[in-house]
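Each reported figure results from applying straightforward, stated rules to the coordinates on display, with no laboratory input. The model shown is predicted, which means the values in this text are computed figures rather than measured ones. Glycine gets a Cβ as well: all are built from the backbone with ideal geometry, and neighbour counts include every protein chain shown.
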């Protein structure tokens, strides 16, 4: 097939890719036939997936706004994905005009597009790195520069840890990141959960096993382990729409239907 100019050389467009499938769910155009085919199969299993993805983006916006109001102006967005409306710096700067952001992803299309978008923004950077090697990630000059002043930062792990299998020790990854953060830093996290619809978790995980980034849906208790060493911000670990909603009426009677768990923690 002829590849668009925005696809870096060597990119595998024949195997479904989680970042591009996510882009498709959100109505984006940076996806290919293999991604769309898999997304359609996933939608047949779980028709609420696009609404879940939109709720996840809304959580990202609300949590970034919250952290910025607490005085944080430095963000590390790990697994930032293919650029879409409402990037972290766009959300935070109306609150903190001095916001600096380092975006991190290992998807070549996400990296290429982000660098293009950010080329004229000296307070933002894009790093191509694999979060399963947090020591390497933390050694990147852009990350070291962000951390050097010793000011609190916010580490965003939004809809990314469920693509880290248990064999890669995700809790250890989060702990390594935590130990590198100054006191007063925040962890912002959302994660796909099997708690609300356990009968759907297995088939969806089997479908994502066909991608380069298999899916591991986790329980509330498992998600809670990622916050060890942090003090949870109220209301704790809750469903996507329940975390500091813009309008309490918007939560609805069954927030578990949009089955992603969220939480924000502060490092003492």
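In percent, what relative contact order does the stretch 1-104 have, based on Cα pairs under 8 Å that are 6 or more apart in sequence?
Numbers: 96 pairs, mean separation 22.7, N = 104.
Taking the mean separation of contacting Cα pairs over the length of the stretch 1-104, I get 22 percent.
What is the order of 23, 120, fewest Cβ neighbours within 10 Å to most? Present the calculation step by step, with values, prior to reporting the outcome.
Details: 23 24, 120 7.
Placing the least packed residue first, the sequence is 120, 23.
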Over all Cα pairs of the chain, the Kirkwood radius sets Rh, and Rg/Rh then becomes 0.94
For 89, 191, which order do you get if you count the other beta carbons within 10 Å of each Cβ and list the fewest first? 89, 191
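Could you state the orientation-averaged shadow area of the convex hull built on the Cα atoms of the stretch 72-228, in nm² to one decimal? Kindly include the intermediate steps, with their values, before the conclusion.
Numbers: hull surface 38.7 nm².
Its average projected convex-hull area is 9.7 nm².
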For the chain, modelled as a Gaussian network with Cα springs under 10 Å, which listed residue fluctuates most, 249, 51, 41? 249
Relative contact order for the chain: what is it in percent, counting Cα pairs under 8 Å that are at least 6 residues apart? 19 percent
With each run of n ≥ 4 DSSP H residues scored as -39500 (n - 2.57), what mean residue ellipticity at 222 nm is computed for the chain after dividing by its residue count and rounding to the nearest 500 deg cm²/dmol? -10500 deg cm²/dmol
For the stretch 168-268, what percent of Cα pairs sit more than 18 Å apart? 54 percent
Alpha carbon centroid spacing (whole Å) that separates the stretch 201-268 from the stretch 80-128: 23 Å
